[in-house]
Structure formats: C-alpha cells, structure tokens
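Peer 1: Below is one structure. I have some questions about it.
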Amino acid sequence: MSKKSDENPRIGVFICHCGSNIGGLIDCKKLAEYSGTLPEVVYSEDNVYTCSETGLNAIKKAIKDYNLNRVVVASCTPRTHEPLFRECIAEVGLNEYLFNFVNIRDQCTWVHMKDAEGAYKKARDLVKMGAARAAKLEPLDKVSVQIQPVALIIGGGVAGMSAALNLNNQGYETHLIEKEDQLGGRLTSLHTLFPSNIDASELLANFVNKIQLAKNLTIYISAKLRKIDGFVGNYSVEIDKAGEIIKLMVGIIIVAVGASLFIPKHMLGYDGKKRITQQELEVILKNNDLNTNNIVMIQCVGARNEERSYCSSVCCMTALKNAIFISNKNPGAHITILFRDLYTPGTKYEAMYRKARELGILFIRYTEKKELKVEENEVRVFNEYLGEEIIVPYDLLVLSTPLIANEDNKALARLLKVPLESNDFFLEAHVKLRPNDFATDGIFIGGAAKWPVDITEAITQGYAAASRASTILSHDVIEVEGTTSYLPEWNKNLCSGCEVCIKVCPYKAIIKNEHDEIEIIQALCKGCGVCGATCSKQAIEIKHFTNEQILSEIYACGGRDVY
C-alpha cells in the first residue's frame, strides 16, 4: 500500500560517500548530521555505497523503523541509479515517486575538486533543496499500455535481417521492409569479409535461406514507411509497396537502415575507372576482373576533415582486407597504402596489419598539411618518415571513403519522431547505458544507421536491438513512466486552444481531440516540460515537477519557505 500524499512528510536522507568520489573531498558524516536538522527530516545517515546491497537494506530498514514516507538520496547521478532506488523503496510499500535524487557527485564534488570547503557548502545547499522538494512530492501511478506482440524492422541489411530472424525465432510475428529490390544492404556489394575472409555472398545466401524458411515473417521488398502513429506497444503503420498501401499494428519498431558510401566526386581525380573507391574494387574482385600490378590505396578520402570530422572505422580494415587478398592472389603485385592513421582495433585486426607488412605491402604516412598530388600515373606524397616528397607510380588508384548517413534519414526521423546527431546518423538514447534504444519508448536501433560499423558488429547490434525489443513484446501489458504533462480539469477553462503546445512537443504527444480540446497522450509523453513552459495561460502542469515542487527548491536555497 502506497503512502498517501496527505500524510505529514517524514523524510529520510541518505548521504553516499560513493567511495572516494564524494567522501574523498567532503565530510559526508557531517553532511548527514546537517541533513537531520532540516524541516520534516526525521532520519539521516551516511553510507560508503548507498547503491550496494548494504546501503539499500539500510534504506528499507529506516523506512520501517522511522515510518518514513519520503526518501532523499544524495549520491551520484539519477541517470544511472534512480531506477534502483525507486525500486528499493517500492519493495517496502512506498510509492516510487516519493523519492528524490540529489546529485552531489557530478554536479558538486567532481566539478569543485580544488575547493573542498566550497563543495561542502554547495552539497549542503543541494541536500536542503532536495529535502524541501521531497516534502512536496505526491504519489503517482504509472500508465498501463496493452502490447501488440508484433515487430516491424525497417531495413533489410545484415542488422535488420539479424533482428528479424531473432524476433521471429522467439515466436513473434515480424515484418521487415526494405526500400531496395533485394535484401542484403551493403553485403550485396562486398567480396569477402574481414577478418574471416569468408565469401560475402555465402553469408547473404545463408541469411536469405533462413528468412525463406521462417514462419510468420513477412518481407516487403521495394517498400517504404509512409506513415506512423501511436505509441509504445500500439504503433499504427502504413507501408507503401509499389503504390499499394499496407496497414499494420505493431508493438515495436527497429531502425536498421544502414548507411551509404561517400562518392568522392571532384576529389583526387576520381573517375570510377582508373581511380575508384574500395566498394568499386570489391565488385572488380568479386567478378575476378583485376588485371593490374601497381595499386595505390589512399585512406581518409572525404573523412576526418571539416565537413566530416569522424573516422568511419571500417575503411582501414577494408583496405587491408583487399590488399591482402590481391597480394595472396598475385604475389608480384605492388601495393602501397597511403594513410594518415591506421585503425586496427583488437588482436585479430592488428594481426591482419602485420600480415600485410609481411606480404610486402608498403605503408606511407601522409598528413593534411602536405597535400597529395594525384597525376595521370603517379601520386606525389610527402613521406613523413623520410622528410621529403616521393613519387609512387600506379595503374589503379583506390580511394577509401567513409560511410555516411542516408539521404532519407531526416524524412524517416520525422516520421518516427526520433532525433539525428550532427552527421545525420540516428541518435541513441545514451551511448553507453541505452545504445540500442531511442528516447522514444518502443523504437530501437541497430547497425550502421547510428554510426559506421563493420558487418560483424552490425549483426551483433541487430541481435541487441531484438533483445531490447523483446523486453516489451514479451509482456501483454507494460507500465510507462508516470512523470507526464497533463491538463487538469480545473485548468481546462484556462486553455485558449492556441496549439503552441502541439507545435513544440518533441514527442508529438499532444493532439486536439474530437471535441476540439487539447489532449495529452500519456503513453507518448516524457514529461520534458516544454509544453508547460510555453503555455501562456499556465494551464498545463507536469506531474512530479509541479510549480510548487520546483519553487520549494528555489526558496529553500534562498532561505524562504513555500506557503
């Protein structure tokens, strides 16, 4: 049974040393003693690691022993640990929204390492503010959502096919759409795969064979996503396949649209014949059409510059793979790789680099400061090791170019209501904590759609996205966050219907219903507060972040009380 909001607040404050991250700079025991003097705080203590089993048990014991109905933890970051503490207090009958997290590590001791006294004073103020807000917290209910046990995968490359097969093998109805006229994505144009050197066509055939044998897996070739509405567990989707509109109801969506290859037009004499890309070389090797002995490969063409500052991560290994293949087939070939830096992560890839050196492949480092000069049959490059310009003859010039975001990523992002990063790749919720999730619940990502990856990693990420998706599909009903915006009945007369909230909502959670009234779809809302901040009539409120709660923190810091 949850504690009721009309009870007099009985707050417990727990100060975490976080090892030496906090306790190594400020006096946590003294801070806990100070916390016990704050209004409505009936218990306080300090722990070395509050997130440990010992620390969590201490919180549960204090809730029972002191009849606490509010809990404040002053520790690291809510981004990683708030769910843990919420679950902890819920286990002993306290509503999880009667918990407040105060960040005295990232926002205090880490940024004031050279001022211990100032850090302590700031931590004291932060705890005081946190306790003031905790006194105003109210229990909330999560929103229950029925789940359609159906999956939709956008993109038929290796990541998309891996995700589709994984979910289908788990027994879920699965739909996969591919905009091209065949499955495979980048795999269709590759010759062999590093580091295993297996034939790319064999891997593709294996995937296609499994898909053909799969039951309850529907493939849409030459198809595009046309429209999407709804929220986690209940997405209404329209697919355009050659003019035919197909409507589906799905529970989750996985974005696995891959990436495109940068074509170096007007760069280093590229002509697609004598001066080609690594992908075009792959096609030549695949068709066994290579008949030249002098080959020069140039790395980082179109990458690691002002326009594209990133490393594409797959270019170096692609060059090594192709150079080794050519040398093994034609030991008399002269291959030179001009590089700025070589990216060979892990022992297997480093072994490929060593193998290339053993085969006599020549590596010459160049820098942007000394521009390469590509002439009809030779490349002039300033050799950093020799300190002088040298001439490298070639019959075939191969340019290693980066993977770039697809041109239609922006249009797809608008349909899905998900963000892109600065290079127009899709942006995950968190690079470490939620690498295969979007901030929007029920939509996941894998493969080169979010960043350049090789085939092995694309497959791995496809499985990872499917794993994350199954956490939703495996339930008949799920609960989503209760911290949302809402339009109280007593505020509806304030709403002027200006629709500004509809325009600014990043999750498209606000609509006008059949009665021409503003309605907030709770399952879509993330409680970001943008609508409430822009509502000129102050009609919209944010659960768990009410004006009273926020002002209580401000006034506590300034020494005032909220009445």
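Laboratory data are not the source of any read-out in this text; all were calculated from the coordinates shown. All of these numbers come straight from a predicted model, not from anything done at the bench. Counting neighbours? That spans all protein chains shown, and the Cβs are built from the backbone with ideal geometry, glycine included.
Peer 1: Quick check on packing: order 157-164, 516-523, 184-191 by the mean number of other C-beta atoms within 10 Å, highest mean leading.
Peer 2: 157-164, 184-191, 516-523
Peer 1: Can you pull the semi-axes for the range 11-140, root of five times each eigenvalue of the Cα gyration tensor, sorted largest first, whole Å?
Peer 2: They are 22, 15, 13 Å, listed from largest to smallest.
Peer 1: What is the dipole size for the range 371-472, taken about its Cα centre, with +1 at each Lys and Arg Cβ and -1 at each Asp and Glu Cβ, in debye to the nearest 20?
Peer 2: Taking the Cα centre of the range 371-472 as origin, the dipole is about 940 debye.
Peer 1: Mind putting a number on the dipole of the range 219-324 about its Cα centre? Charges go on the C-beta only, +1 for Lys and Arg and -1 for Asp and Glu, and I need it in Debye to the nearest 20.
Peer 2: Using Cβ point charges on Lys, Arg, Asp and Glu, the range 219-324 gives about 120 debye.
Peer 1: For the range 293-399, what's the radius of gyration and Dmax over Cα atoms, in angstrom?
Peer 2: Computed over the Cα atoms of the range 293-399, radius of gyration and Dmax are 13.6, 39 Å.
Peer 1: Kindly express, to the nearest 10 degrees and within the range 0 to 90, the angle between helix 315-329's C-alpha long axis and the longest C-alpha principal axis of the chain.
Peer 2: Tilt of helix 315-329: around 30 degrees.
Peer 1: Can I ask one more? What is the local net charge at Leu261, summed over the other residues whose Cβ is closer than 10 Å to its Cβ (Lys, Arg +1; Asp, Glu -1)?
Peer 2: Surrounding charge for Leu261 is 0.
Peer 1: Let me ask you something else. Name the residue from Gln279, Ser162, His334 whose Cα lies farthest towards the positive end of the charge dipole of the chain, charges +1 on Cβ of Lys and Arg and -1 on Cβ of Asp and Glu.
Peer 2: His334
Peer 1: Once each part is reduced to its C-alpha centroid, what is the distance from the range 310-333 to the range 346-399 in angstrom?
Peer 2: Measuring centre to centre over Cα atoms gives 12 Å.
Peer 1: Treating the angle as unsigned and between 0 and 90°, give the value, to the nearest 10°, between the Cα long axis of helix 158-169 and the longest Cα principal axis of the chain.
Peer 2: Computed tilt is about 60 degrees.
Peer 1: Next question, about the same structure. What value, in deg cm²/dmol to 500, does the helix sum -39500 (n - 2.57) over DSSP H runs of n ≥ 4 give at 222 nm once divided by the residues of the chain?
Peer 2: -9000 deg cm²/dmol
Peer 1: Please state the shape class of the range 154-229: rounded when a/c is under 1.5, otherwise prolate if a/b exceeds b/c and oblate if not, all from the C-alpha gyration tensor.
Peer 2: Oblate, because a/c is 1.5 or more while a/b does not exceed b/c.
Peer 1: Still on this structure: Under a plain spin-label model, where a point goes 7 Å from the Cα along Cα-to-Cβ, how far apart in nm are Ile221 and Gln182?
Peer 2: 0.9
Peer 1: Once the Cα atoms of the chain are picked out, what are the Rg and Dmax in Å?
Peer 2: So, for the chain, Rg and Dmax equal 29.2, 87 Å respectively.
Peer 1: Under 1.5 on a/c is rounded, so check that first for the range 485-543, then, if it is not, pick prolate when a/b is larger than b/c and oblate when it is not; a ≥ b ≥ c are the square roots of the alpha carbon gyration tensor eigenvalues.
Peer 2: Here the range 485-543 falls in the rounded category.
Peer 1: Then there is this: Could you tell me the relative contact order of the chain? Use alpha-carbon pairs under 8 Å, at least six residues apart, and round to a whole percent.
Peer 2: Relative contact order here is 14 percent.
Peer 1: Straight-line reach from Lys286: which lysines have a Cα under 23 Å away, not including same-chain ones fewer than 8 places off?
Peer 2: Hits, sequence-local ones excluded: Lys273, Lys274, Lys321, Lys329, Lys355.
Peer 1: Taking neighbour Cβ counts within 10 Å as the exposure measure, how do Phe545, Phe14 sort from fewest upward?
Peer 2: Final ranking by Cβ density, sparse to dense: Phe545, Phe14.
Peer 1: If you take the charge dipole of the chain about its Cα centre, with +1 on Lys and Arg Cβ and -1 on Asp and Glu Cβ, which of Leu38, His430, Leu68 is farthest toward its positive end?
Peer 2: Leu38
Peer 1: Relative contact order of the range 71-205: what whole-number percent is it, with Cα pairs under 8 angstrom and at least 6 residues apart?
Peer 2: Worked out over the range 71-205, it gives 17 percent.
Peer 1: Pairs of Cα atoms under 8 Å, at least six residues apart: use those to get the relative contact order of the range 262-403, whole percent.
Peer 2: Across the range 262-403, relative contact order equals 36 percent.
Peer 1: Quick one: putting +1 on the C-beta of Lys and Arg, -1 on the C-beta of Asp and Glu, what dipole do you get for the chain around its Cα centre, in Debye to the nearest 20?
Peer 2: I would put it at about 500 debye.
Peer 1: Sticking with this one: Would you mind classifying the range 160-291 by shape? Square roots of the alpha carbon gyration tensor eigenvalues, ordered a ≥ b ≥ c; an a/c under 1.5 is rounded, otherwise it is prolate if a/b is larger than b/c and oblate if not.
Peer 2: It comes out prolate by the Cα gyration axes.
Peer 1: Report, in degrees rounded to the nearest 10, the 0 to 90 angle that the Cα long axis of helix 116-134 makes with the longest principal axis of the chain.
Peer 2: So the helix axis and the longest Cα principal axis differ by about 70 degrees.
Peer 1: Just name one of Val500, His266, Phe231: the one whose Cα is farthest towards the positive end of the charge dipole of the chain (beta-carbon charges, Lys/Arg +1, Asp/Glu -1).
Peer 2: Sorting the options by dipole projection puts first His266.
Peer 1: Taking R0 as 30 Å, what FRET efficiency do you get between Ser422 and Ser189 from their Cβ-Cβ distance, rounded to the nearest 0.05?
Peer 2: 0.65
Peer 1: Turning to a different aspect of this structure: Please give me, ordered by residue number, the trypsin sites (Lys or Arg not before Pro) of the range 89-133 that lie in loop per DSSP and have at most 15 other Cβ atoms within 10 Å.
Peer 2: Here the trypsin sites (Lys or Arg not before Pro) that fit, given the DSSP loop and packing criteria, are Lys114.
Peer 1: If you don't mind, another one. R0 = 25 Å: FRET efficiency of Ser144 with Met249, Cβ-based, nearest 0.05?
Peer 2: 0.90
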